[in-house]
Amino acid sequence: MRAITAELIHDGSGFVTGRALLVQGDRSAGLVSLDAIPEGAVREDWGPVALLPGTVNAHGHAFQNLLKGFADDRTFDLWRDDVLYPFSERLDGHDIYTGALFAFAEALLAGVTTTVDFFYLHDGGNGNARRVIEAARATGIRLVFARAFYDEDAPSAAPVRYREKAHEAAARCKELAREYEGDPLISIQPAPHSLHAASPETIACALEVAHELDVPCHLHLAEAAYERAHIEERYGTTPVRLLYREGLLGPRLVTIHTVWVDDEELDMLAEAGVGVVHCPGANAFLGDGIARVPEMIARGIRVALGPDGGCANNRQSIFEEMRQATLMAKARLVDGSAMTAGVALALGTKAGGDLLGMPVGSFAAGCFADAVALDLDDLSLQPLATLEHQVVSSMQATAVARVMVGGEIVVDGGRPQRFDLAELRTRIAETTGAWTRP
Ligand SMILES: [Zn+2]
C-alpha cells in the first residue's frame, strides 16, 4: 500500500488539505486523513502540488491528429471532402500507430488519463485497431477503443476502408473484446458511426454487442444542422425521434455532440437515460453550433466531455474542454452563471467515468489510481485561494507536473516517462512532411 500526500487533494467537492491518497496496486484505496494512514503504508510526499483525479476524454479520433492544420478554416463539407476522406486514405498501419501515439501523448501531457478513440479505419479487419491499442500501451494511457460500425452501403462518399457489413463489424468488435478481456488498461466498446453512416438495424446490432459486453455504445448524433435536415428527409423525422421510434434509446447509448435537438428530444433522452458527450471546442471549430448542456443537466442527462478528433479542435486537453464548456454555455445563454467551474470539473472527471462505465475520474476506493498533479507554483494557478476556478478558467498546460495511470507515473516534470518526444516528432514528420494543405 502506498500513501501519496500532496499540499492539496481534490476530494470530489473541492480541494482539501491534510489528506492522503491510498493506492493498492493499480487501484485507489480512497482518501484518508493523515493520521489514518495505515501502518506499513509506503509514504510518498508529492509536495507543493494539487492532486486531482485524472481527466477523462470521452470522445476522440486519434489518427486525425496528423491532419491538424490541413483541414482548418473550412465549411464542414469541405473539411470532410477535401481533407478528412482523402487524407485518411493515405494512412497505413505505421501512420495509424503514429497518429494514435501523437494524440495519446498530447492527451497524457495535458492530464488525460482515460481516452476514447472512436476508430473507423478498419480495412475490413482488426489489424489497425491493434496498432492503436499498441500506441496506447506505449504511452501508458488508459484506452476505450470504440470500434466503429460504418455501413457498407451508407449514402456518403466515405472511403471503402471505413465500411463493413454490420454483422462483420459486430463479430470483429467481439473478437477484439475477447483479445483484451480482463486488461485493466483497455476497454472495447461498440460505436455505430452516426445516423448517416449506420442504419437503425446496424445501431440495434451494435447495442446488442454492447449489451453482451456490458459496456456503453457510442453514436455521433445531431452534430450539425445539415445532418438533422438529411435525417428528416430520409426518415421523415428528426434524429432523436427516429431513435425513439426504433426503440434504440436507452441507458447504454452514449450520443456524441447532440447539438441540434429540441426540448421534446431532450426530454426523450432524459427519460431513456441516454448519456451525451459534449465537444464544445470541436462544435465551435467546425461551425456546428453549441450543445444545450445546462438544459441537459437540468433534466438529469449525464454529460461528459471530449475534444473530438485532432483536426476538429485542435487540442487534446479536457481541462481546455472544461473551459470551453463554461464559455459556450455563458455566451449562448447570455448568463455568466450558466455553468460553474465545479460543474465543468465534474464533467471532465467523474462524469466521464460514469458515462464510459468505468471506475475512473474519482479517488473513491476501488477506482483506478489515475491522477494528475498540478504544480502550485505555476503562475496560471494563482491566486491559490480560488484554485478550482483557476484550474478551469486560467490554467496553462505548464501546470501539469505529473500524471499517474493505474498507479504508474507516466508523466513527470511535464515529461513523458515511457516514450521519446524527439522520436515522436520524427515519426509525425515522416508521415506528414510531404503533405500540402489543399
Ligand atoms: Zn467524432
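Points worth noting:
- If you filter the stretch 343-380 down to residues that are in contact with a strand residue (DSSP E or B) (Cβ under 8 Å, 6 or more places away or on another chain) and of a type in the set (Ser, Thr, Tyr), you find that the one that is farthest from Gly25 (Cα to Cα) is Thr349.
- In the set Ala191, Ala198, Ala204, only one residue is within 16 Å of Glu168 (Cβ to Cβ), in contact with a Leu (Cβ under 8 Å, 6 or more places away or on another chain) and surrounded by fewer than 24 Cβ atoms within 10 Å (Cβ to Cβ); that residue is Ala204.
Quick grid of which residues meet (1) in the same structural domain as Ser33 (by TED's automatic domain parsing); (2) crowded, with 16+ Cβ neighbours inside 10 Å; (3) β-branched (Val, Ile, Thr):
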{"residue": "Arg315", "(1), (2), (3)": "no, yes, no"}
{"residue": "Glu321", "(1), (2), (3)": "no, yes, no"}
{"residue": "Met339", "(1), (2), (3)": "no, yes, no"}
{"residue": "Leu374", "(1), (2), (3)": "yes, yes, no"}
{"residue": "Ser380", "(1), (2), (3)": "yes, no, no"}
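- If you go through the stretch 14-33 and pick out every residue that is more than 16 Å from Ala365 (Cα to Cα) and not in a strand (DSSP E or B), you end up with 3.
- Close Cβ contacts (under 8 Å, 6 or more residues apart or on different chains) running from residues in the stretch 38-66 that are assigned to a helix (DSSP H, G or I) to residues that are away from the ligand (no atom under 16 Å from the Cβ) and β-branched (Val, Ile, Thr) comprise Phe63/Ile96; Leu66/Thr98; Leu66/Ile428; Leu66/Thr431; Leu66/Thr432.
- Being on the phi < 0 side of the Ramachandran plot, buried (at least 20 other Cβ atoms within 10 Å of the Cβ) and assigned to a loop (DSSP other than H, G, I, E, B) holds for only one residue in Val403, Val360, and it is Val360.
- Candidates Asp95, Asp123, Asp81, filtered to the one that is charged (D, E, K, R), in a helix (DSSP H, G or I) and farther than 27 Å from Leu421 by Cα: Asp81
- Restricting Ala71, Ala20, Ala3, Ala100 to those that are in contact with a strand residue (DSSP E or B) (Cβ under 8 Å, 6 or more places away or on another chain) and within 16 Å of the ligand (Cβ to nearest atom) reduces the list to Ala100.
- Residue within the stretch 306-313 that is away from the ligand (no atom under 16 Å from the Cβ), modelled with pLDDT of 95 or more and of a type in the set (D, E, K, R) present: no
- Any hit, the stretch 167-188, residues being within 14 Å of the ligand (Cβ to nearest atom), in the same structural domain as Gly60 (by TED's automatic domain parsing) and modelled with pLDDT of 95 or more: no
The values are calculated or read from the model by the stated rules, or taken from the named source; none is laboratory data. This one's a predicted model, so the numbers in the text were calculated from it and none came from an experiment. For neighbour counting, all protein chains shown are included, and Cβ atoms are generated from backbone atoms with ideal geometry for every residue, glycine included.
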